[in-house]
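One structure coming up, written as structure tokens, with questions to follow.
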Amino acid sequence: MQKPIVAIVGRPNVGKSTIFNRLVGERISIVEDKPGVTRDRIYAQAEWLATTFHLIDTGGIEIGDEPLLELVRQQAEIAIDEAHVIIFMVNGKEGITAADEEVAKLLYKSNKPVVLAVNKIDNPELQSEIYEYYSLGFGEPYPISGAHGRGLGDLLDEVVKHFPTLSRNEKDDDIIYFSLIGRPNVGKSSLVNSILNEERVIVSDIEGTTRDAIDSYFKKDDQEYTIIDTAGMRKRGKVYETTEKYSVLRALKAIDRSDVVLVLIDAETGIREQDKRIAGYAHDAGRGIIIVVNKWDTIDSKEQSMKTFEDDIRKHFQFLDYAPIVFLSAKTKKRIHTLLPVINVVGENHAKRIPTNVLNDVIMDAIAISPPSTMKGKRLKILYATQVSVQPPSFVIFVNDPELVHFTYKRFLENRIRESFGFLGTPINIFARRRQ
Ligand code: GDP
Ligand code: GDP
């Protein structure tokens with residue numbers, strides 16, 4: 001389930017974001033019909049040769065008023081820390097600069113696979129200019145043009161060659177894998193500690209596949225759990241660790257490996273734009289989601305009741321209308337015992353399978369109660385439905401013409417499925433396919 005991560009590094013203006021947008025293509029502008037999903041243009045999924053990977057434009061990670069060399073150096077460090085493969089981009093029109101050499105030095109020491117891209121080679125005559133870039137020490141330079149989209153295929157072919165085999169099969173179906181995500185200081189580490197200490201669980205650290213990923217395994221009442229990437233929450237004292245975009249990136253890696261994601265919100269500071277962005281990734285990834293309002297001890301319950309807070313969350317996180325909300329305090333451990341039972345329910349729902357005959361009874365009843373309206377003089381016919389996968393539960397409805405499936409009707413069917421089968425905490429997908 002973990003996807004390879006590719007980072008683009010290079011000094012400003014070499015064309016990183018131009019290439020990023022080209023590689024990510026239309027995926028970044030996927031239309032979400034629920035409001036509240038805000039997207040960040042620094043991280044996105046891209047695809048090449050049927051392989052999906054995460055792409056990071058490190059140039060978009062602002063680190064403050066750092067001088068150019070320092071900024072570029074820190075962005076390269078992030079790429080080295082986070083990525084499996086690095087695209088080192090230089091400007092073919094300007095030759096090698098001091099900043100390029102600075103980046104090269106760091107990348108060289110990192111022992112990560114690096115593919116050198118020489119951008120702005122807008123026409124084939126400029127091809128001969130790329131040879132000077134061999135001197136950077138990363139082997140063959142790949143000439144590309146962000147302006148014309150030239151050379152990207154060859155570049156990606158090379159990038160994909162360096163993808164590691166990530167531990168897909170190591171997941172155990174009996175274990176619920178979950179992670180905690182949220183802004184810096186919402187209390188992620190505190191909550192992990194509270195769960196592990198308070199719940200009288202049997203704990204062991206599992207060394208992950210990546211250098212700094214340490215997962216915590218524990219067992220409680222015969223249910224096994226693994227908290228993903230708790231080491232990722234440990235602060236390592238790097239300057240960029242407190243920047244928003246970096247924390248989103250850490251979250252992204254943890255989400256990838258989880259069944260259930262706890263989206264932490266700080267009751268003391270309230271909901272911030274950043275919370276929504278982080279939650280949006282968990283939603284997009286199709287994970288089970290629980291919204292955890294931490295630091296509930298700081299709230300005078302008379303002043304701000306749970307109901308008010310819940311209304312506020314529902315208003316700001318409309319795209320997470322399926323997610324349960326848990327209020328607790330990692331510090332005083334109040335209400336902490338309410339968390340694991342909800343994780344169990346969401347974990348189960350995320351993996352739930354509905355038998356085809358039962359599903360079809362529900363769908364046919366729904367159609368009988370509220371038949372689809374006509375579109376352009378044609379009426380949608382739904383022949384039958386079946387669940388095609390879990391985690392998240394995904395359904396296919398076979399119809400006379402998929403074009404006739406309006407998103408509001410899809411939403412109606414989703415609601416009927418939820419009412420009938422109780423998919424609390426998990427997103428569900430419905431796809432329409434043609435069947436004569
Ligand atoms: P970043 O700072 O590295 O992300 O660079 P940008 O993607 O913002 O690009 C910097 C400038 O270079 C912009 O004006 C782009 O339009 C331009 N640019 C990007 N790729 C190419 C290219 O292949 N050829 C030319 N001529 N210009 C490009
Ligand atoms: P992280 O950056 O998300 O891992 O957050 P930490 O776990 O490091 O917590 C950040 C700060 O919030 C620390 O000073 C904690 O003591 C404090 N904190 C965490 N949970 C709670 C809580 O439930 N109530 C209160 N009052 N403070 C908390």
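Counting pairwise Cα distances across the stretch 175-350, what percent come out greater than 20 angstrom?
More than 20 Å apart: 50 percent of the Cα pairs in the stretch 175-350.
What number do you get for the chain when its Cα radius of gyration is normalised by 2.2 N^0.38 Å, N = residues?
So the Cα radius of gyration is 1.08 times the expected 2.2 N^0.38 Å.
Compute the length gained on full extension between Leu196 and Ser373: take 0.36 nm times their separation in residues and subtract their Cα-Cα distance, giving the result in nm to one decimal.
58.4 nm
Taking a point 7 angstrom from the Cα of Asp122 along the C-beta vector, which residues in the stretch 80-97 have backbone N less than 15 Å away?
91-94
In percent, how large is the relative contact order of the stretch 349-428, given Cα pairs closer than 8 Å and 6 or more residues apart?
It rounds to 38 percent for the stretch 349-428.
Shifting gears a bit: Using label points projected 7 Å from each Cα along Cα→Cβ, tell me how many nm separate Tyr384 and Leu68, to one decimal.
6.6
May I ask you to derive the relative contact order of the chain, considering only C-alpha pairs under 8 Å and at least 6 residues apart, and to give it as an integer percent?
12
Determine the calculated [θ] at 222 nm for the chain from helices alone, applying -39500 (n - 2.57) to every DSSP H run no shorter than 4 residues and normalising by the residue count; nearest 500 deg cm²/dmol.
Mean residue ellipticity, 222 nm, calculated: -9500 deg cm²/dmol.
Quick one: compute the contact order of the stretch 175-350, relative version, from alpha carbon pairs under 8 angstrom and 6+ residues apart, as a percent.
Computed over the stretch 175-350, the figure is 24 percent.
Another question, then. About its Cα centre, how strong a charge dipole does the chain have in debye, to the nearest 20, once Lys and Arg get +1 and Asp and Glu get -1 at the Cβ?
1180
Of the residues Ser258, Ser110, Ser189, which exhibits the maximal mean-square fluctuation in a Gaussian network model of the chain defined by a 10 Å Cα contact cut-off?
Taking springs between Cα atoms under 10 Å, the residue moving most is Ser110.
Okay, next question. Post the alpha-carbon centroid distance, the stretch 233-304 to the stretch 306-334, in whole angstrom.
Rounded to whole Å, the Cα centres lie 12 Å apart.
Still on this model: Mind checking the full-extension length gain between Ala351 and Arg314? Use 0.36 nm per residue of separation minus the Cα-Cα distance, one decimal, nm.
My answer for the length gained is 10.9 nm.
Shifting gears a bit: For Asn111 paired with Val358, estimate the spin-label separation in nm (one decimal), with each label point 7 Å from Cα along the Cα-to-Cβ line.
Label-label distance for Asn111 and Val358, simple model: 5.2 nm.
Let me ask you something else. Please compute P(r) over all alpha-carbon pairs of the stretch 68-112, binned at 5 Å starting from zero, and give each bin as a whole-number percent.
Answer for the stretch 68-112: a P(r) of 5, 22, 34, 23, 13, 3 percent.
Give the percent of DSSP beta bridges with both residues in the stretch 175-350 that are antiparallel, rounded to the nearest 5.
Among the beta bridges of the stretch 175-350, antiparallel pairing accounts for roughly 40 percent.
Over all distinct Cα pairs, what is the inverse of the mean 1/r for the stretch 356-434, reported as the Kirkwood hydrodynamic radius in Å?
12.7
Let me ask something additional. So how tilted is helix 68-82 from the main axis of the chain? Cα-based, degrees 0 to 90, rounded to 10.
Helix 68-82 sits roughly 50 degrees off the main axis of the chain.
Could you state, as a whole-number percent, how many of the C-alpha pairs of the stretch 295-436 are farther apart than 21 Å?
Here the long-distance tail beyond 21 Å is 54 percent of all Cα pairs in the stretch 295-436.
Starting from the 7 Å offset along Cα-to-Cβ, what nm value, one decimal, do you get for the label separation of Asp221 and Lys161?
Spacing of the two 7 Å Cα→Cβ label points: 5.4 nm.
How far, in degrees from 0 to 90, does helix 306-316 lean away from the longest principal axis of the Cα atoms of the chain, to the nearest 10?
On a 0 to 90 degree scale, this one is about 50.
Report the dimensions of the stretch 47-128 along its three principal axes from the alpha-carbon atoms, largest first, rounded to Å.
38, 35, 23 Å, listed from the longest principal axis down.
Antiparallel versus total DSSP beta bridges in the chain: what percent is that, nearest 5?
The antiparallel proportion sits near 40 percent.
Continuing with the same structure: Count the DSSP beta bridges whose two residues both fall in the stretch 356-434, then state the antiparallel fraction as a percent rounded to the nearest 5.
Just about 55 percent of them are antiparallel.
Exactly which GluC sites (Glu not before Pro) in the stretch 105-194 are in a DSSP loop and have at most 15 other Cβ atoms within 10 Å?
Glu170
A short reminder: the numbers here are calculations on the coordinates, not readings from a lab. Note that the structure is a prediction, hence the values are computed from the model and not measured. Every residue, glycine as well, gets a Cβ built from its backbone with ideal geometry; the counts of neighbours run over all protein chains shown.
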